[in-house]
Amino acid sequence: MFATLSDRLTATFRSLRGKGRLSEADVDATIREIRRALLDADVAVPVVRQFTGAIRERALGAEVSQALNPGQQVVKIVNEELIAVLGGETRRLQFAKNPPTVVLLAGLQGAGKTTLAGKLARWLREQGHTPLLVACDLQRPNAVTQLKVVGERAGVPVFAPHPGAQGEADDTADPVPVARAGVEFAREKQHDIVIVDTAGRLGVDEVLMKQAADIRDATRPDEILFVLDAMIGQDAVTTAQAFQEGVGFTGVVLTKLDGDARGGAALSVRGVTGKPVMFASTGEKLEDFEPFHPDRMASRILD
Ligand code: GDP
């Protein structure tokens, strides 16, 4: 992940080494290299524009430091702007004043929602919470069974529709009453957090959006997490926008950050949607999961 972007930025900074002072031409040449590296990494054009504009302005501005040479100064500015583009601070989960807190997961099929449901449940349980997983993906064959397996591994119970629906694709099954009953069950059994897994499709479609929106209206979630596969490159932005319009979300989870994605999704999604990346999924195992820290991600890119 980010390997090419990292190498290109490092090479760009190397060319500034030893310069006593940066002319406007030096800054512009540097900005051009940064712009190309970002575009080649599939970062969305408006984000690239905003990002390079901010760097140019600051690099030409009066930020003269005695401690740093001009090259180091540019690295520092790029680092700070990367942190900003990644969202600044780590955004934590918001818990409901009156439990249970409801967390709805939405995203395309294969994005890693079901896996993420287990990871999030395990992580919350380790912090002393008592989560409940609710199986509302009634479209994909085996999704309910998969969630049960994941729940067992996470040590977290799973609320699922009637046994007959287990492991069967059923286009007629309505997940809305299941979601509603799941939240009610959590309230009765004093689970403080409900994580609702929803169905995804291979592409964005209206039926999917409507169904997720109906589940949203029935459960009034405190958080809606849009689960985004970091490997899907430029499609990430259009997918995120479609989900933002169709369902809306409060935060993003980036999955498959262990892969060799060029990084465009990670760097674009906050700028394009205005919503923070909250968690990162970095592998197939339940422990491959962590809160997303913009500063650590920026350091990785500039490493
Ligand atoms: P869903 O259709 O959105 O529920 O997606 P799944 O949770 O079933 O995940 C789809 C595939 O991606 C599965 O094979 C998962 O093991 C895999 N997967 C999920 N998250 C990650 C991740 O962070 N890294 C990697 N390498 N694979 C992942």
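Worth pointing out:
- Taking the average, over residues, of other Cβ atoms within 10 Å as the packing measure, peptides 211-221, 16-26, 2-12 rank 211-221, 2-12, 16-26 from highest down.
- A full extension of the chain between GLU80 and LEU60 corresponds to an added length of 5.6 nm, given 0.36 nm per residue minus the alpha carbon distance.
- Rounded if a/c under 1.5, otherwise prolate or oblate - segment 94-234, Cα gyration tensor axes: rounded
- In nm, spacing of pseudo-spin labels at ALA25 and ARG300 (7 Å Cα→C-beta vector): 3.9
- Over all projection directions, the Cα-based convex hull of segment 40-128 averages an area of 10.3 nm².
- For the chain, the solvent-accessible area of protein heavy atoms averages 46 Å² per residue (probe radius 1.4 Å; ligands and nucleic acids excluded).
- Rg/Rh (Cα only; Kirkwood hydrodynamic radius) as it applies to the chain: 1.06
- Carbon + sulfur, % of accessible area of the chain - ligands and nucleic acids excluded, 1.4 Å: 47
- 5 Å-binned pair-distance histogram of segment 180-245 (Cα, whole percent): 3, 14, 24, 22, 15, 11, 7, 3, 1
- The stretch between LEU39 and GLU206 holds 57.1 nm of extra length on full extension. This uses 0.36 nm per residue minus the Cα-Cα distance.
- Spatially proximal lysines relative to LYS97 (Cα-Cα < 24 Å; intrachain offsets below 8 disregarded): LYS119, LYS189, LYS275
- The simple spin-label model puts a point 7 Å past each Cα toward its Cβ; for ARG153 and THR238 those points are separated by 3.3 nm.
The values are calculated or read from the model by the stated rules, or taken from the named source; none is laboratory data. Remember, predicted model here, so these are calculated numbers, not experimental data. All Cβ positions, even for glycine, are placed from backbone atoms using ideal geometry, and neighbour counts span all protein chains on display. Areas reflect the complete protein model, heavy atoms only, side chains present, ligands, DNA and RNA absent. Shrake-Rupley method; radii C 1.70, N 1.55, O 1.52, S 1.80 Å.
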